[in-house]
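One structure is given here, and the rest of the page talks about it.
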Amino acid sequence: YLIHGQSYNDDQWERLGVDEAADELIYSGESAPFIIVMPRYRIWFQPDEHNFGQAMVEVLIPYMDVHIRTIPDRSQRAIGGLSMGAGWALHLGLSRWDLFGAVGLHSLALFSIDSPRIPGWLDAIPKDQLPRIYLDIGDRDSKNLLDSTRWFEETLTKKDIPHEWYLFNGYHEEKYWQEHTPGYIRWYTREW
């Protein structure tokens, strides 16, 4: 499940080359075939102000597991996002850790209401059930996003939670994400 950034649509990941990256991994034999779902979320609201998260876990995921040939197990399901989409991926990936085995956060725009919740969410996940976590951001991103991303990374480190953390060269823009999309997809599928 890949969630787009604010002011973009569900076609953002396609525009960044996610389909070509997936095809390359599958055709080369590096990955088994997999499904990419790109839900659409159009407005910036905190999770408590909008039912997008509820719709994801109560409608979209069950629908996909019934109507599409999925492997309905958290070990075979990942969630990730760009910017605001990364905020949703973090929110759902930690608060509903039972659904996702991997959480990818690309240029994370952290929801302000989630900041105080994150330590408790992390503590509530059994150590043997922690999702794989990937975190990256461009070194020329906004100070607010860099600071909150570093705070989250430091929280993971202090709690001794395994994660991958990358500070790449770049801005908060599609050019940055497009350069890294093949690596993102390779990371998501690595353990499938």
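The values are calculated or read from the model by the stated rules, or taken from the named source; none is laboratory data. Just so it is clear, the structure is predicted and the values come from calculations on it, not from any experiment. Here Cβ is always computed from backbone atoms with ideal geometry, including for glycine, and neighbour counts include all displayed protein chains. Remember, those area values only see protein heavy atoms, side chains included, never the ligands or the DNA or RNA. Shrake-Rupley method; radii C 1.70, N 1.55, O 1.52, S 1.80 Å.
Here are some notes:
- Within segment 32-74, tally of residues that are free of Cβ contacts under 8 Å to residues at least 60 places away in the same chain, within 18 Å of Asp114 (Cα to Cα) and assigned to a helix (DSSP H, G or I): 6
- Asp114 meets each of the listed conditions (1) in contact with a helix residue (DSSP H, G or I) (Cβ under 9 Å, 6 or more places away or on another chain); (2) of a type in the set (Asp, Glu); (3) without any contact (Cβ under 8 Å) to a residue 12 or more places away in the chain apart from (3).
- Selection of helices (runs of 4 or more DSSP H) fully inside segment 81-192 by the criterion of at least 3 residues being open to solvent by 10 Å² or more (accessible area, probe 1.4 Å) and of a type in the set (A, V, I, L, M, F, W, C) returns 143-158.
- Here Arg15 meets each of (1) of a type in the set (D, E, K, R); (2) over 18 Å from the mean Cα position of the chain (by Cα); (3) farther than 22 Å from Phe100 by Cβ with one exception, condition (2).
- Segment 47-64, residues that are open to solvent by 30 Å² or more (accessible area, probe 1.4 Å) and either at pLDDT below 90 or of a type in the set (Ser, Thr, Tyr) (or both): Asp48, Glu49, His50, Asn51, Tyr63
- Of everything listed in (1) touching a His at 6+ places or on another chain (Cβ under 9 Å); (2) touching a residue at least 40 places away in the same chain (Cβ under 8 Å); (3) open to solvent by 60 Å² or more (accessible area, probe 1.4 Å), the single unmet condition for Asp11 is (2).
- Scan segment 18-31 for residues that are in a loop (DSSP other than H, G, I, E, B) and open to solvent by less than 20 Å² (accessible area, probe 1.4 Å) and the total you get is 1.
- Test: residue in segment 4-23 that is farther than 18 Å from His180 by Cβ and hydrophobic (A, V, I, L, M, F, W, C): no
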